[in-house]
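One structure is given here, and the rest of the page talks about it.
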Number of protein chains: 2
Amino acid sequence: MCPLLWITAWALLLHGCAAGRVPQAPSTRNDIRDCSVDPPYLPPTATNTTARLAALRGTMRTHGALAYIVPSTDAHMSEYISERDARLGWLTGFTGSAGTAVVTQDKAALWTDSRYWTQAERELDCNWELQRTTSIESIGMWILKAVPAGGNVSLDPFLFSIDTWNSYSRVLHGSGRTLIPLETNLVDQAWGDQRPLPSSTEIYSLPAEFTGSSWQEKVAGIRQRMEQHVRRPTAVLLSGLEETAWLFNLRGDDIPYNPVFYSYTLLTNTTISLFVEGSRLSVAARESLRSGCPGPLCVELQEYGQVSAHLRRYTQGNVTVWLGTEYTTYGLYGIIPQEKLLEENYSPVMMAKAVKNAREQEMLRAAHVRDAVAVIQYLLWLEKTVPQGQVDEFLGAQHINALRWAQEHSRGPSFQTISASGLNAALAHYSPSNGSSRTLSAGEMYLFDTGGQYLDGTTDITRTVHWGEPTPLQKEAYTRVLMGNIDLSRLVFPSHTAGRTVESFARRALWDVGLNYGHGTGHGIGNFLSVHEWPVGFQSNNVPLEAGMFTSIEPGYYRDGEFGIRIEDVVLVVEAQTEHQSGETPFLTFEMVSLVPYDRNLIDLRLLSPEQIRYLNSYYERIRAHVGPELRRQRLEEEYEWLQKSTQPFPVNGAGTAAAGTLVLASLLSVLLGGLGA
Amino acid sequence: MCPLLWITAWALLLHGCAAGRVPQAPSTRNDIRDCSVDPPYLPPTATNTTARLAALRGTMRTHGALAYIVPSTDAHMSEYISERDARLGWLTGFTGSAGTAVVTQDKAALWTDSRYWTQAERELDCNWELQRTTSIESIGMWILKAVPAGGNVSLDPFLFSIDTWNSYSRVLHGSGRTLIPLETNLVDQAWGDQRPLPSSTEIYSLPAEFTGSSWQEKVAGIRQRMEQHVRRPTAVLLSGLEETAWLFNLRGDDIPYNPVFYSYTLLTNTTISLFVEGSRLSVAARESLRSGCPGPLCVELQEYGQVSAHLRRYTQGNVTVWLGTEYTTYGLYGIIPQEKLLEENYSPVMMAKAVKNAREQEMLRAAHVRDAVAVIQYLLWLEKTVPQGQVDEFLGAQHINALRWAQEHSRGPSFQTISASGLNAALAHYSPSNGSSRTLSAGEMYLFDTGGQYLDGTTDITRTVHWGEPTPLQKEAYTRVLMGNIDLSRLVFPSHTAGRTVESFARRALWDVGLNYGHGTGHGIGNFLSVHEWPVGFQSNNVPLEAGMFTSIEPGYYRDGEFGIRIEDVVLVVEAQTEHQSGETPFLTFEMVSLVPYDRNLIDLRLLSPEQIRYLNSYYERIRAHVGPELRRQRLEEEYEWLQKSTQPFPVNGAGTAAAGTLVLASLLSVLLGGLGA
């Protein structure tokens, strides 16, 4: 899905360094708000935050905090959060997914990145300064000005990653201001009984037919990793919501689009503690978890809120706790004495989950075949209805969501549907809303980036189409984006290559003519879990590629105020067949898992090399072989015909055909010359 | 030059993590030594270290150290070291460039990587265990077994990088063993008066015609960076020998192949302290440094050994010291209070030095033209003399060194000449020695990786040749290495792209058929400074590429026991001409600076794309245009003829020609058909 969302918001949440990744020029723009007049001019979309701020400032005085920092994430470093965790949104009125607020007794400021500046100006009232950057250094400078030496700066350590805490700590170090972790969340105090209640919906076991292995097998595998580790950890601490959901084959719906539930796990070599609201577990789930009791495969249920106390007790013993720093908050981390810590970027559960076994691969492939049916239905529907001028972006989004819902095992979209026409697609994270939605037309390009949750797998695909006459630049840019997608997809590379070191292959065709895109090139994906499943992908903090990993490949090109292109497919890392072999492990390549043809109307064949065309033709054969039968099974004959038409092989012109042509002509010539007696 | 040397030895010195970069399978090989028999069997090349170890153990007892760690680098994290700093070599007998020794009262062990295992077995006596790994974790485990809890482990903090210190510290943390920095170096004590004296040769100013700017301009530039930095540092501390040499336009010869001298610099916003043996400065150098006295451009000369004391005094004030952690030892770093430190990977001097100005670029280009003359002379000489069977690797090395010496401004080789025939070239770091040198023959491939120091620039080039009939695999591998070199050299990419993210373009042609190489792809290079000039290059700890940087590009392929291929050129990062432009800065590409043709006998043209052939042809035109006139100027007519022959344009077959061929044939056909009245 929309990669700006994840390169910035996500990296920001995890690393607090989005500004470092996506360089932003200092802004000289004017604010939509005018706070210099009396009364101030505010757009109607702004929220009055005076009472909320007053309440927060009251709690700050009680706790002696001269400044309070409010982040946008939750206690599990989740990419998507629940309403109950939308503290930043409640306090500021700003509903973007990435930002940081700092409040003092007389000032309040919000930091966010360029994607959200306009939105923030529309939503903030005049209590708030908008800071158009996200660097912790800049937040620190602001705090140094606003808080006198000797003052305390506070935050909730259970809402900050270890890295982000350390960055704040470094910035304030030696300045005379002290960074104080406060376990009481002051926004929650101010929010009071208006704060949404925790989810109470059922947490359920995945049916066995939708799991890659039993939870007992998964636990045994993690314990084996513990035994094999040179540091011999005695326990693994899991904070990421996907980690616990995956380990126990449990799902819930505490967070939109992600079938997870609030929980922590402490898995030791002899015990298993699952911290969760136990009453929410279905009977079957509870039975499954208790089936090994008593014994090392007995899951002890503990209150969600008890994780800190339990961890504190556990780490008094002669133990070593293994955790992944990317998903652990500073609050939990700080409980464990340094010498009892085994820190890696990702927990062994994240690492195990990243490599799908044969059953999981089969399920993800199957989900993508059904997903392709829905997308093909949508493309055909668009082709027929757009020219009548009755489809807008919002309606389109609703329609494709409905088509997915109709597919077997569907559990709804895997993220907010991106449906963007014309210049709206230049904003890579655009989602339409009812009432302010652009009408699709044959005169504009249309980009849709959508995905589904199915019991057997999560999907994510982007296609860009044009039903009329694209401009030469649109056609060239689309073709170059496609070339990038092809070049990376067909790459052969050694096992354990870092995605970061090969993602440029998706950019080269654009680079050749001075074009580029400002987001990452792909991310892992789950089996009925997150659409952005780390640690797989092409970012610098992703782990090396191994056979069995799934990732998206999604180059794009965006032209401000004009159009946007992205072509995204999910691929599976598989062993390659190579003529030679160096090293002990086979080389790898990608197998296409997304199975939807590209828009022929936007492809300039002259730019493609014969190898690229051959690759495209073999991909189309694959689509026909896998999706064709499913379309027939679902009696979608018109879609089947559309697919046949859309996957006609392309002529391999350029080198291949031309050379063959030369041969034919040369033979013909020699016959003719022979006939002439030459 | 030989990239294994720098990926492993260098990365090891700087990061202590070579094992993590070049994965090594656990070895099951037998040692050449047999220490189980009495008397032990030792090869004649082994050194008796009994007395040396006894002396060291004596000093260890005096200082209460149960274990002592001896590294291979010096106090400046230099890649090459002087004899006086060869503590590891003296203590162990092992003369490889990378390793770590640990000594206790009854044990002694040496850790080194796979390049050096055979050499270590030949050089160590039975006092030494050989540990075939380099991970600090493994060294730590060994120490934990050898030293009882409560014991002290010591090292000289002025010989360890900050990172390496931290790694040892982590490994021993909480184990009951204490890591004690000892400012007295115990090996030096044991070595006593046998230790070579410090260099006493002259330190001289580079003539103005060989400098890119005056040292005063450079100092002003660094002070400007200090003022512009958000932390407002008051001083920059320079530990790297190249840093001080570059800043003051001074050179010396304390270290083989690198024209540097032992020194530190503390540059503050108002003063300049140069820590050096002042009596060694030439009169002109001294005058130049004192020309701005008194004043902010007055260089105060201080004793080399006074740097710690001076730094301790300076940091008592209200100051902030900016340093690059990659070149600073833990010893100096530890002197500065944390809140007065501004740490970055590289100092502002390293960053400034990395981008060559127009004059420096011009000088480096000129040095490479003269260097190409020497290499072309050598290639022609080989062609004529090898078939007579009179040239061996050592003689070849001597000959090319002599040819370089004969070029204007020459100051000798820039590293130990690599001259490797047949299977010897499979060892990427092989250098021949007199008496054990393989004879070159028309039946084998020959690889030479050589470079020169010239007053205007440092050079580094590798060519691989075959005078007879290469095997199909040799030809394919050579061609694919060349394709990699071409693909990376002609890449167009955005400004500030990290080398690490594009170096795979140099590997792809090999990867396609399951081949690869186990070293890095390139490194920066200096103006009469280091042949491996950081922070430029394609490694993960290199900085993003900018116009004005020079780097080598050097893919290879090595087949154990058979042959080795490497093709290395130096290139300059320049602005690219692109059809479009996205972003505010122009895209970049590389300009070829090395100007020596490749071996036509080893190129399989059928593998190259038309674009690759066209690129090669334009490179050859460039060689003719730049080196041809210089050959004539030097009256090297035979070499001139050789160059013309060797740079004949290649036919652009494949796609391009074939398509053109089709056109020609088609036209001919239509004429004929017309003639036939068809």
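The values are calculated or read from the model by the stated rules, or taken from the named source; none is laboratory data. Please read these numbers as outputs of a predicted model, since none were measured by experiment. Counting neighbours? That spans all protein chains shown, and the Cβs are built from the backbone with ideal geometry, glycine included. Calculation scope for accessible area: heavy atoms of the full protein, side chains included, ligands and nucleic acids excluded. Shrake-Rupley method; radii C 1.70, N 1.55, O 1.52, S 1.80 Å.
The single residue among B:GLY526, B:GLY537, B:GLY520, B:GLY556 that is modelled with pLDDT under 95 and buried (at least 24 other Cβ atoms within 10 Å of the Cβ) turns out to be B:GLY520. Would a scan of segment B:383-395 turn up a residue that is in a helix (DSSP H, G or I), out of contact with any Asp or Glu (no Cβ under 7 Å at 6 or more places or on another chain) and of a type in the set (Val, Ile, Thr)? Looking through segment B:383-395, at least one residue is in a helix (DSSP H, G or I), out of contact with any Asp or Glu (no Cβ under 7 Å at 6 or more places or on another chain) and of a type in the set (Val, Ile, Thr). Applying the criterion of being within 10 Å of chain B (Cβ to nearest Cβ) and outside any helix (DSSP H, G or I) to the residues of segment A:637-678, the residue that is modelled with the lowest pLDDT is A:ALA678. For segment B:451-474, check the following and say yes or no: at least one residue is of a type in the set (Asp, Glu) and surrounded by fewer than 21 Cβ atoms within 10 Å (Cβ to Cβ). Checked segment B:451-474: at least one residue is of a type in the set (Asp, Glu) and surrounded by fewer than 21 Cβ atoms within 10 Å (Cβ to Cβ).
Number of residues in segment A:439-492 that are within 14 Å of chain B (Cβ to nearest Cβ) and in a loop (DSSP other than H, G, I, E, B) equals 4. Would you mind telling me which numbered condition in (1) facing another protein chain (nearest Cβ under 8 Å); (2) touching a residue at least 40 places away in the same chain (Cβ under 8 Å); (3) under 23 Å from the mean Cα position of the chain (by Cα) A:SER504 fails? Only one criterion in (1) facing another protein chain (nearest Cβ under 8 Å); (2) touching a residue at least 40 places away in the same chain (Cβ under 8 Å); (3) under 23 Å from the mean Cα position of the chain (by Cα) is unmet by A:SER504, namely (2).
Here A:ASP569 fulfils each of the conditions (1) buried (at least 23 other Cβ atoms within 10 Å of the Cβ); (2) free of Cβ contacts under 8 Å to residues at least 40 places away in the same chain; (3) not hydrophobic (A, V, I, L, M, F, W, C) apart from (2). Within segment A:606-636, restricting attention to residues that are within 14 Å of chain B (Cβ to nearest Cβ) and part of a helix (DSSP H, G or I), the residue that is most open to solvent (accessible area, probe 1.4 Å) is A:ARG606. Against the conditions (1) among the hydroxyl-bearing types (Ser, Thr, Tyr); (2) within 10 Å of another protein chain (Cβ to nearest Cβ); (3) farther than 30 Å from A:ILE81 by Cβ, A:SER540 satisfies every one except (3). Please verify whether B:GLY518 is in a loop (DSSP other than H, G, I, E, B) and more than 12 Å from chain A (Cβ to nearest Cβ), treating the condition exactly as stated. When the stated conditions are applied, B:GLY518 does not pass them.
Restricting to segment A:581-603, and then to whatever is within 14 Å of chain B (Cβ to nearest Cβ) and buried (at least 16 other Cβ atoms within 10 Å of the Cβ), can you tell me which residue is farthest from A:GLY451 (Cα to Cα)? Checked segment A:581-603; the qualifying residue farthest from A:GLY451 (Cα to Cα) is A:SER582.
With respect to the conditions (1) within 14 Å of another protein chain (Cβ to nearest Cβ); (2) hydrophobic (A, V, I, L, M, F, W, C); (3) not in a helix (DSSP H, G or I), A:ILE81 falls short on a single one, namely (1). Checking each residue of segment A:383-395 against the condition of being among the acidic types (Asp, Glu) and surrounded by fewer than 17 Cβ atoms within 10 Å (Cβ to Cβ) gives at least one match. If you go through segment A:199-256 and keep only what is among the charged types (D, E, K, R), over 16 Å from A:TYR346 (Cα atoms), open to solvent by less than 40 Å² (accessible area, probe 1.4 Å) and within 24 Å of the chain's Cα centre (by Cα), you end up with A:ARG251, A:ASP254. Just one of (1) closer than 27 Å to A:GLU546 by Cα; (2) without any contact (Cβ under 8 Å) to a residue 60 or more places away in the chain; (3) of a type in the set (Asp, Glu) fails for A:ASP512. It is (1). Please indicate, with yes or no, whether at least one residue in segment B:145-158 is within 24 Å of the chain's Cα centre (by Cα), hydroxyl-bearing (Ser, Thr, Tyr) and surrounded by 15 or more Cβ atoms within 10 Å (Cβ to Cβ). Checked segment B:145-158: no residue is within 24 Å of the chain's Cα centre (by Cα), hydroxyl-bearing (Ser, Thr, Tyr) and surrounded by 15 or more Cβ atoms within 10 Å (Cβ to Cβ). Residues in segment A:505-515 that are buried (at least 24 other Cβ atoms within 10 Å of the Cβ) and in contact with a strand residue (DSSP E or B) (Cβ under 9 Å, 6 or more places away or on another chain): A:ALA506, A:ARG507, A:LEU510, A:TRP511, A:LEU515. State the number of residues belonging to segment B:159-168 that are within 21 Å of the chain's Cα centre (by Cα) and either of a type in the set (Gly, Ala, Ser) or closer than 21 Å to B:THR62 by Cβ (or both). Matching residues across segment B:159-168 total 2. Condition (residue is of a type in the set (A, V, I, L, M), closer than 28 Å to B:LYS645 by Cα, open to solvent by 30 Å² or more (accessible area, probe 1.4 Å) and in a helix (DSSP H, G or I)) applied to segment B:400-412: is it met by at least one residue? So far as segment B:400-412 goes, yes, one or more of its residues are of a type in the set (A, V, I, L, M), closer than 28 Å to B:LYS645 by Cα, open to solvent by 30 Å² or more (accessible area, probe 1.4 Å) and in a helix (DSSP H, G or I). Considering only segment A:428-451, I want to know if a residue exists there that is basic (Lys, Arg) and farther than 27 Å from A:GLU362 by Cβ. There is at least one residue in segment A:428-451 that is basic (Lys, Arg) and farther than 27 Å from A:GLU362 by Cβ. Candidates B:THR112, B:THR118, B:THR133: the one that is under 25 Å from the mean Cα position of the chain (by Cα), hydroxyl-bearing (Ser, Thr, Tyr), surrounded by 22 or more Cβ atoms within 10 Å (Cβ to Cβ) and closer than 21 Å to B:GLY518 by Cβ is B:THR112.
So, A:THR95, is that one part of a loop (DSSP other than H, G, I, E, B), open to solvent by less than 60 Å² (accessible area, probe 1.4 Å) and at pLDDT 90 or above or not? Answer is no for this residue.
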